[in-house]
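*Asks:* Please read through the structure below; I'll follow up with questions.
The values are calculated or read from the model by the stated rules, or taken from the named source; none is laboratory data. Owing to the predicted nature of the structure, the values given are computational and were not obtained by experimental measurement. Because the Cβ atoms are built from the backbone with ideal geometry, glycine has one as well, and the counts that use them run over all protein chains shown. Keep in mind that these areas ignore ligands, DNA and RNA; they rest on the heavy atoms of the full protein, side chains included. Shrake-Rupley method; radii C 1.70, N 1.55, O 1.52, S 1.80 Å.
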Amino acid sequence: MAMSVSVALPFYTASLALLIAFGILRFLFCTLVFRKLVVKLFIKFAGCEISQEVYGNSLFGWEMYKAVTAALMTDLQKKAKLGAEAPNPCVVSADGQLRSNLLDFAKKSRPLVVNFGSCTCPFFMDRLRDFNEITADFRDIADFVVIYISEAHPSDGWAFKTDFHVKQHRTLEERVQAAQLFQDASKLETPVLVDCVDNEANQAYGALPIRLCIILNGRVEFVGGMGPTFYRTQEVRRWLTKWRESELNV
């Protein structure tokens, strides 16, 4: 996808700034004196605790830089804007048998909460408990789906040492297999859908690495921040709480 000037300028500016920052932080990370400081900065950036056993010595290296800039590009080019018409990308059922579109799962006058992620993202997996609780608390007024997208930390990219060792998907069959692995591990009651191999849902909603959105009556009513730092399940809870109160007052 060709970049517009409005996207290219902030992307290249941010990429250059990240490259300089990564170079400095990588140098500091390699020195024992500053390693603890760099780790604290990463944990603050990530938004939750994570042990060094998970990320190893990968912090602020080339693979991390490529992953962060790819996520930045996806975010800058996303079509999902607050208050705008909701994109309706192709999605596939978790067994790979049924093709449909995202808005097929939306019902009139009921919010549809969409949770984007993959099993190689430890932050996404860690916060599924919160997501499950929100689903249980608000299933009477809202619908929920999880869309399985590109791997956040594929074994052939910026890999984390987790229970999931998945290469980046190159075919729909590979993505379906990863989604089934996720579904078995998470035991979600929420429907799990799979982004098509051309990453249509990911690109439309700027989903990489993880993101939350809410669609209502065909429009985007909530766009969560880019994960992991700004992936906050409690923002969804607050939005749904206000929605329930507004419906009760009608």
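*Asks:* Pick out the one residue from Glu49, Glu53 that is of a type in the set (D, E, K, R), in contact with a Lys or Arg (Cβ under 9 Å, 6 or more places away or on another chain) and at pLDDT below 80.
*Replies:* That would be Glu53, the only listed residue that is of a type in the set (D, E, K, R), in contact with a Lys or Arg (Cβ under 9 Å, 6 or more places away or on another chain) and at pLDDT below 80.
*Asks:* Further, regarding this structure: Sort out which residues of segment 188-242 are of a type in the set (Ser, Thr, Tyr), closer than 19 Å to Phe138 by Cβ and surrounded by fewer than 17 Cβ atoms within 10 Å (Cβ to Cβ), and write them in order of number.
*Replies:* Selection gives Thr241 alone.
*Asks:* Among the numbered criteria (1) surrounded by 13 or more Cβ atoms within 10 Å (Cβ to Cβ); (2) free of Cβ contacts under 8 Å to residues at least 24 places away in the same chain; (3) not assigned by the TED database to the domain that holds Ala207, which one does Trp62 miss?
*Replies:* The single condition Trp62 does not satisfy is (1).
*Asks:* Now, a different point. Take segment 175-187 and flag every residue that is open to solvent by 20 Å² or more (accessible area, probe 1.4 Å), of a type outside the set (Ser, Thr, Tyr) and in contact (Cβ under 8 Å) with a residue 12 or more places away in the chain.
*Replies:* If the condition is that a residue be open to solvent by 20 Å² or more (accessible area, probe 1.4 Å), of a type outside the set (Ser, Thr, Tyr) and in contact (Cβ under 8 Å) with a residue 12 or more places away in the chain, then Gln180, Leu181, Gln183, Ala185 are the ones that fit.
*Asks:* Ser109 fails exactly one of the following numbered conditions: (1) surrounded by 16 or more Cβ atoms within 10 Å (Cβ to Cβ); (2) more than 23 Å from the chain's Cα centre (by Cα). What is the number of that condition?
*Replies:* Condition (1) is where Ser109 drops out.
*Asks:* Take the residues of segment 157-174 that are of a type outside the set (A, V, I, L, M, F, W, C) and farther than 21 Å from Gln203 by Cβ: which is least open to solvent (accessible area, probe 1.4 Å)?
*Replies:* Thr162
Residue-by-condition table, conditions (1) within 15 Å of the chain's Cα centre (by Cα); (2) modelled with pLDDT under 95:
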residue	(1), (2)
Asp104	no, no
Val113	yes, no
Phe123	yes, yes
Asp137	no, no
Glu151	yes, no
Pro154	yes, no
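*Asks:* Consider Val145 carefully, then state whether it is assigned to a strand (DSSP E or B) and surrounded by 22 or more Cβ atoms within 10 Å (Cβ to Cβ).
*Replies:* no
*Asks:* Another question, then. All but one of (1) surrounded by fewer than 19 Cβ atoms within 10 Å (Cβ to Cβ); (2) of a type in the set (D, E, K, R); (3) in contact (Cβ under 8 Å) with a residue 12 or more places away in the chain; (4) part of a loop (DSSP other than H, G, I, E, B) hold for Asp137; state the number of the condition that does not hold.
*Replies:* (4)
*Asks:* Return the residues of segment 101-134 that are farther than 27 Å from Val68 by Cα and either in contact (Cβ under 8 Å) with a residue 24 or more places away in the chain or touching a Lys or Arg at 6+ places or on another chain (Cβ under 8 Å) (or both); say none if nothing qualifies.
*Replies:* Leu103, Phe105, Ala106, Lys107, Lys108, Ser109, Arg110, Pro111, Leu112, Asn132, Ile134 - these are the residues of segment 101-134 that are farther than 27 Å from Val68 by Cα and either in contact (Cβ under 8 Å) with a residue 24 or more places away in the chain or touching a Lys or Arg at 6+ places or on another chain (Cβ under 8 Å) (or both).
*Asks:* Would you mention how many residues in segment 1-15 are free of Cβ contacts under 8 Å to residues at least 12 places away in the same chain and either within 13 Å of Val68 (Cβ to Cβ) or outside any helix (DSSP H, G or I) (or both)?
*Replies:* Within segment 1-15, residues that are free of Cβ contacts under 8 Å to residues at least 12 places away in the same chain and either within 13 Å of Val68 (Cβ to Cβ) or outside any helix (DSSP H, G or I) (or both) number 2.
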